[in-house]
Amino acid sequence: MASYGYEALNSAGKNVKGSIEAESIEKARQELKKQGLVVLNLTTQSALTKDINFKVGGWPKPRDMSVFCRQFVSMSRAGVTLVDSLKMLAEQTENDRLREATEGVRVSVEKGETLARSMQDYPKVFPDLLINMVAAGEASGSLDVALERMSVHFEKASKTQALVKKAMIYPIVVCCVAIGVVIVMLTVVIPNYTSMFEELGTELPAITKAVAACSDALIHGWFIILPIIIAIVVGLKMFAATDKGKHIFHKLQLSIPIFRNLLIKQASSQVARTMSTLMAAGVPLIEAVEIVSETMDNVYYKEALQMCKNEIVIGQPLSRPLEECGLFPPMVYHMTRIGEETGNTEEMLSKLADYYDDEVEVAVQSFMAALEPMIIVLLAGIVIILVGACMAPMLTMYQALDQL
């Protein structure tokens with residue numbers, strides 16, 4: 001099928017742009033008409049124009065999905081039909097990709113498909129967790145409850161991501177400033193400084209010569225250094241995407257104490273929250289563990305949960321493989337075991353998630369408290385080297401004058 005770019009007016013009179021795949025331009029026009037759009041312009045997209053077609057906001061984030069689910073719940077409880085709810089959601093969402101996916105889901109639902117089945121056509125927009133929750137809600141007749149739980153889940157995930165990103169802003173900004181200062185010193189200050197002493201015939205100390213050599217290399221060899229740095233970064237990124245690379249880098253994350261504490265608490269919160277949400281919707285335990293494993297970023301936690309699923313299949317309780325994998329704190333498998341014994345695993349996991357949400361916030365603050373002095377020490381080391389390179393020739397000159 002060919003890809004067509006369109007510009008159209010929706011039912012609210014708002015101008016919208018996007019792309020659609022169809023067998024012909026006429027079928028594309030008919031499909032857009034079915035979606036309630038008045039086509040203003042419809043053209044065939046080439047590979048180049050298709051790549052350039054930028055979607056505002058990129059793929060939807062947890063915050064976008066939280067708002068989507070919460071609005072969906074409000075409309076459903078107000079008695080708005082499923083199709084009309086999807087239509088209104090598509091009109092008011094700000095994320096282009098989510099809007100197009102919602103419009104596509106509406107068209108599919110109008111044709112008789114279930115909401116969960118329609119969402120499966122847009123896996124990059126609607127995660128498996130949401131699709132399974134919607135399917136469970138439709139089967140039990142409690143779609144609004146399932147969506148409300150998902151809105152809370154996405155809101156918690158958004159808050160956790162925001163905490164981690166906020167923690168990384170300070171070190172990233174400081175490192176960028178430090179790199180900029182070092183580049184200016186090496187390309188502007190140091191060359192002028194060393195040339196002045198060379199004209200005076202002063203023998204430069206070893207530290208000044210070393211810094212001057214770095215300065216010359218940066219000034220005269222930047223066109224070689226820059227491609228090498230880019231190649232290293234791209235190479236590491238490609239290697240990190242491989243299975244072996246994931247194991248190496250993710251193992252490194254778990255080996256560095258300052259990252260390990262935050263990673264473990266974040267993973268514990270994510271597992272507990274997602275498992276609680278799925279089990280509350282009636283998703284079977286084995287399927288729930290499978291879904292949770294796919295949501296994990298660290299490959300070791302993903303493999304550990306896959307092992308948990310295999311152990312559950314042969315009759316083991318969830319708490320035992322959680323303990324045996326050695327990746328989760330004792331509270332995780334102890335609370336899970338208590339929930340299994342009392343028949344209240346869902347509630348225990350929910351309380352566990354609340355506890356580790358708070359722990360993640362504390363861990364982020366501890367991470368920042370430990371990172372700030374490390375950055376200060378690093379910057380102090382750089383400053384000492386640069387100042388030493390500038391001051392050493394002057395001290396050498398003063399010593400030579402004293403000996404005269």
Any hit, region 153-171, residues being aliphatic (A, V, I, L, M) and more than 16 Å from the chain's Cα centre (by Cα): no
In region 13-41, residue modelled with the lowest pLDDT [restricted to those that are assigned to a loop (DSSP other than H, G, I, E, B) and within 18 Å of ALA101 (Cα to Cα)]: LYS14
Residue under evaluation SER142, criteria (1) surrounded by 15 or more Cβ atoms within 10 Å (Cβ to Cβ); (2) small (Gly, Ala, Ser); (3) more than 20 Å from VAL83 (Cα to Cα), criterion not met: (3)
Test set (1) over 21 Å from ILE169 (Cα atoms); (2) buried (at least 17 other Cβ atoms within 10 Å of the Cβ); (3) modelled with pLDDT under 90 - PHE328 fails condition number: (3)
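Listed here are the residues, each with its yes/no results for (1) at pLDDT below 80; (2) within 30 Å of MET394 (Cβ to Cβ); (3) touching a helix residue (DSSP H, G or I) at 6+ places or on another chain (Cβ under 6 Å).
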residue: GLN161; (1), (2), (3): yes, no, no
residue: MET185; (1), (2), (3): no, yes, yes
residue: VAL188; (1), (2), (3): no, yes, no
residue: PRO191; (1), (2), (3): no, yes, yes
Members of region 97-149 found to be at pLDDT below 85, in a helix (DSSP H, G or I) and out of contact with any helix residue (DSSP H, G or I) (no Cβ under 7 Å at 6 or more places or on another chain), listed by number: ALA139, SER140
Conditions (1) exposed (fewer than 14 other Cβ atoms within 10 Å of the Cβ); (2) over 20 Å from the mean Cα position of the chain (by Cα): number failed by GLN365: (2)
Close pairs from region 328-343: first outside any helix (DSSP H, G or I), partner surrounded by 14 or more Cβ atoms within 10 Å (Cβ to Cβ), Cβ under 7 Å, at least 6 apart: PHE328/SER268; PHE328/LEU322; PRO329/ILE264; PRO329/SER268
Boolean, VAL107 is touching a residue at least 60 places away in the same chain (Cβ under 8 Å), among the aliphatic types (A, V, I, L, M), surrounded by fewer than 22 Cβ atoms within 10 Å (Cβ to Cβ) and outside the structural domain of GLY36 (by TED's automatic domain parsing): yes
Count of region 88-99 residues which are more than 22 Å from the chain's Cα centre (by Cα) and either buried (at least 19 other Cβ atoms within 10 Å of the Cβ) or under 21 Å from ALA139 (Cα atoms) (or both): 2
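The values are calculated or read from the model by the stated rules, or taken from the named source; none is laboratory data. On a predicted model such as this, the values are computed, not experimentally measured, just so you know. Backbone-built Cβ (ideal geometry, glycine too); neighbour counts: all protein chains shown.
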